[in-house]
Amino acid sequence: MVNTAHSPTASHGAEGTRRDFLYLTAGAFGVVGAGATMWPFIHQMNPSADVLALSTTEVDVAPVAEGQSITVSWRGKPVFIRRRTQAEIQAARAININELPDPQADQARVKKPEWLILVGVCTHLGCVPLGQKTTDQRGEFGGWFCPCHGSHYDTSGRIRKGPAPANLPVPAYEFLSDTTVRIG
Amino acid sequence: MATPSSSKFFGNPVVKWIEHRLPIFSFVDHSLGSQYPTPKNLSYWWNFGSLALAVLMVMIVSGIVLAMHFTPHVTMAFDSTERIMRDVNYGWLIRYIHMNGASFFFIVVYIHIFRGMYYGSYKAPREILWGLGVVILLLLMATAFMGYVLPWGQMSFWGATVITNLFSAIPLVGDYIVTWLWGGFAVENSTLNRFFSLHFLMPFLIVGVVVLHVWALHVHGSSNPIGIDAKGPQDKIPFHPYFTVKDAFGLTVFFIVFAAVIFFAPNVFGEPDNYIPANPLVTPEHIVPEWYFLPYYAILRAIPSKLLGVVAMFASILVLFILPWLDTSRVRSARFRPTYRWFFWIFVADCVVLGYIGAKPPEGWYLHIGRLATAWYFAHFLIVLPFLGWFERPLPLPASISEPVLKGAKATLMALAIGFGMLGFGAGPASAAGAPKPPAQKWSFDGVFGTFDAASRQRGFQVYREVCGACHALKQVYYRHLRDIGFSEDEVKAIAASVEVTDGPNDAGEMFQRPGRPSDRFKSPFANDNAARAGNNGALPVDLSLITKARPGGPDYLHALLTGYSDPPAGVKLSEGMNYNKYFPGNQIAMPQPLNADQVTYADGTKATVEQMAKDVTTFLAWAAEPELEARKRMGMKVMIFLVVLSALLFFVKRKVWSDVH
């Protein structure tokens, strides 16, 4: 508002230029100040320090038998831990990865072939896919099936069919021992 | 009155297209723009209306943000407020804006009201405008009161108890009303919940009444320092650009003062007791309302009858509604009312006295002065104003606004002096009885530029960990916060892992012990308050998270307490299990002298004298209470420099814009 405040006696020349410069400077300062003030009010909605600190979860995977899966919570999201059978591992590795919508080798998605660890959130629109229970529908590729919009994931958690654009993401994790995993 | 720039704007085809469908630009132009004629002689006292509106907006924005992080439950309200202060990004800034914004709202509104009184702005035809203003004041007071309850500190809780109990004075139905207000038999969770809901709602009611207030203002326009009506167009100038730029300049000056408090003295208006979590079983020794309620509180206490005291307190505000009819003088401005001018300033002084008395205990001379001041408050409205109109001989009024007029500089200075006098209340309420004032120490974190002495703070952590931590919890601090005082990530992990914390339930449904993690709170030495009492002869070791904010005197008090142990002077008999401390209120403290020379071994070779350990642990606890202190002061410096430059620029813009009027 300030920088448009021309007085009725507006005139050209040096006086007018000085005046315009003053108005523009003040206006620019005001705009910069208002913009800078907005930042704290925007940034407060980003994760707070206590939320960021809860970034690891330790899981005891000893009770999980071959062919079974468990779901644990990490950062408020489900993490799928599946102890794969040899057949599932072979199925995941026996394909030409160049034919996949999101090409990635199974070897690059696991640390130990037996253990597949995934963030269980469909990359389409965020539903939790089915397939954790042996009685669940697991889709055409024996991995997971998202019932919301019909995305099929294989036994490596890769997208094979349906609207999802990418594979189920692999979280950062580490085996602290043979039976303990720290996620995050 | 259209300026060339505005006619150019309204000639723009896009603007024309919108205007034809929704005449919003001409609406704004008629409300706050070139089509709103305003008396050309308005002084800076007329800035306070726009300032109040600005503060209202600041309060709504910061309040909505705080509501995103606050939890209105008795077990979580205090902790969630502290989480805002410590963990939410810029949470400390937003909370300090909101908390101090309430005080500044009242400062601005009180000046706005006194301006209206001095210049007779409430007189015909502006009685409804004035009355709507009083409605806004009442809503503002209710909103501020409920907001103060939310952080659920001791003053929150007991303020809520006292104020809601006012309604119990109502004959017959009083008790039912109070129970209804509480939703229980005392102030409790249901009370907190509804206050949160109403505190969120009421600002929007205020916005609604402000719209009416501004609408009523626009019917006859602003009054002015001379108090005579404009005689023609030569007496008025368009609101924009003249008053938009003047208000913008005033706003930046206001923000300088506001920012100075937010960044450098954020608790100056507050009570230390409100950093103690609410305890329904113990009332603080000296309970006072926030400074802006002190005059009414003094009136309440001046009258030795429960019902009449409450009636008088409400009457002191309601009387403002009929002020336009009590004042029988037909001259508006006090500039032309030599006698009224005296009575006005006496009234202002009376309000200041009431505020002072409200902060003092109701005994002795304070009570007598409070009663006199209360009597004068009502006499001013009910006796002085009606009669003055008949007896007073006003000075001759000028023929028009454009005629050169008297200068008001003297009155301005006087008002400023009184305004600052009123500001003084926040700092002043009585300190704890029976203990000398703790001697002032030099702290590394004092002053505008002060930062924590990092070595002392780390040593202080060691003292806390090895000595204080045996009994005192530090619940608001998490191990991860230790990164801020110079520990590396691995050191923090090791410190956290040195304690066992309870977690669970596990898959078998059982709780189990595990080593602490950085994301854990500091482990409390006792499982709960009862265990803490049982382990300490019935005395509860207080949580130290906020200790330097929660005691009058702050770090000085803590240091004095730690070094203030001695044998009791002759004639003082200590109770069983108590120790003598010069600086503890009442001098008898259950905690034995906690610090003894060489109790800890400092890694950096500093000699662990009692004085040294007291200084170190106080520095650490000052950080624990105000971890944002350094960031706050750094940001404050930048904000102040920016605001000073911006207000200087706007000052010159304002001079330029007004150069053809003067």
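I need the full set of residues from segment A:53-84 which are at positive phi and free of Cβ contacts under 8 Å to residues at least 40 places away in the same chain, in order please. Selection gives A:76 alone. Would you point out the residue of segment B:497-511, among those that are closer than 27 Å to residue B:541 by Cα and away from chain A (no Cβ under 11 Å), that is farthest from the chain's Cα centre (by Cα)? So the residue we want is B:511. Taking (1) among the aliphatic types (A, V, I, L, M); (2) within 11 Å of chain A (Cβ to nearest Cβ); (3) under 35 Å from the mean Cα position of the chain (by Cα) in turn, residue B:492 satisfies each apart from (3).
For segment B:309-349, the set of residues classified as under 26 Å from residue B:271 (Cα atoms) and in contact with a Pro (Cβ under 9 Å, 6 or more places away or on another chain) consists of B:316 only. Check segment A:65-87 and report whether any residue there is facing another protein chain (nearest Cβ under 10 Å), within 30 Å of residue B:481 (Cβ to Cβ) and out of contact with any Cys (no Cβ under 8 Å at 6 or more places or on another chain). Checked against the condition, which is being facing another protein chain (nearest Cβ under 10 Å), within 30 Å of residue B:481 (Cβ to Cβ) and out of contact with any Cys (no Cβ under 8 Å at 6 or more places or on another chain), segment A:65-87 yields no hits at all. Apart from one condition, residue B:575 fits all of (1) without any contact (Cβ under 8 Å) to a residue 60 or more places away in the chain; (2) within 14 Å of chain A (Cβ to nearest Cβ); the exception is (2).
Kindly establish whether residue B:591 is part of a loop (DSSP other than H, G, I, E, B) and either under 36 Å from the mean Cα position of the chain (by Cα) or among the basic types (Lys, Arg) (or both). Answer is yes for this residue. The residues listed here are A:114, A:99, A:88; of these, the one that is free of Cβ contacts under 8 Å to residues at least 24 places away in the same chain and either within 26 Å of residue A:62 (Cβ to Cβ) or charged (D, E, K, R) (or both) is A:99. Scanning segment B:173-221 for residues that are of a type in the set (Ser, Thr, Tyr) and under 24 Å from the mean Cα position of the chain (by Cα) yields B:191, B:197.
Only helices (runs of 4 or more DSSP H) whose full extent lies in segment B:233-351 are considered here, and the ones with at least 3 residues that are surrounded by 18 or more Cβ atoms within 10 Å (Cβ to Cβ), within 14 Å of chain A (Cβ to nearest Cβ) and β-branched (Val, Ile, Thr) are B:239-264.
For (1) more than 35 Å from the chain's Cα centre (by Cα); (2) surrounded by fewer than 17 Cβ atoms within 10 Å (Cβ to Cβ); (3) of a type in the set (S, T, N, Q), each residue gets a yes or a no:
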{"position": "B:464", "(1), (2), (3)": "no, no, no"}
{"position": "B:477", "(1), (2), (3)": "no, no, no"}
{"position": "B:483", "(1), (2), (3)": "no, yes, no"}
{"position": "B:487", "(1), (2), (3)": "yes, no, no"}
{"position": "B:513", "(1), (2), (3)": "yes, yes, yes"}
{"position": "B:516", "(1), (2), (3)": "yes, no, no"}
{"position": "B:531", "(1), (2), (3)": "yes, yes, no"}
{"position": "B:536", "(1), (2), (3)": "yes, yes, yes"}
{"position": "B:539", "(1), (2), (3)": "no, yes, no"}
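Within segment A:140-168, the set of residues being in a strand (DSSP E or B) and of a type in the set (Phe, Trp, Tyr) comprises A:144, A:145, A:153.
Pairs are defined by a Cβ separation below 9 Å, a sequence spacing of at least 6 or placement on different chains, a first member in segment B:41-65 that is within 14 Å of chain A (Cβ to nearest Cβ) and in a helix (DSSP H, G or I), and a second member that is crowded, with 20+ Cβ neighbours inside 10 Å and among the aromatic types (Phe, Trp, Tyr); the pairs so defined are B:50/B:243; B:54/B:254; B:54/B:255; B:58/B:104; B:58/B:105; B:58/B:258; B:59/B:105. When each of A:91, A:87 is tested for being assigned to a helix (DSSP H, G or I), touching a Ser or Thr at 6+ places or on another chain (Cβ under 8 Å), over 30 Å from residue B:519 (Cβ atoms) and assigned by TED's automatic domain parsing to the domain that holds residue A:143, the lone residue that passes is A:91. Note on segment B:514-535: residues that are more than 14 Å from chain A (Cβ to nearest Cβ) and over 25 Å from residue B:615 (Cα atoms) amount to 10.
Residue-level check: of (1) assigned to a helix (DSSP H, G or I); (2) at pLDDT below 85; (3) within 30 Å of residue B:304 (Cβ to Cβ); (4) not polar (S, T, N, Q), residue B:357 misses just (2). Residues in segment B:557-580 that are assigned to a loop (DSSP other than H, G, I, E, B), closer than 24 Å to residue B:609 by Cα and among the β-branched types (Val, Ile, Thr): there are none. Only one entry of B:95, B:86 meets the criterion of being within 14 Å of chain A (Cβ to nearest Cβ) and either touching a residue at least 40 places away in the same chain (Cβ under 8 Å) or of a type in the set (Asp, Glu) (or both), and that entry is B:86.
Candidates in segment B:66-83 are the residues that are part of a helix (DSSP H, G or I) and either within 13 Å of chain A (Cβ to nearest Cβ) or charged (D, E, K, R) (or both); of these, the one that is surrounded by the fewest Cβ atoms within 10 Å (Cβ to Cβ) is B:67. When residue B:431 is tested against (1) part of a loop (DSSP other than H, G, I, E, B); (2) modelled with pLDDT under 95; (3) within 14 Å of chain A (Cβ to nearest Cβ), exactly one condition is not met: (3).
The values are calculated or read from the model by the stated rules, or taken from the named source; none is laboratory data. Keep in mind that this is a model prediction, so the values were computed, not measured. Quick reminder, even Gly has a Cβ in these numbers, built from the backbone with ideal geometry, and neighbours come from all protein chains shown.
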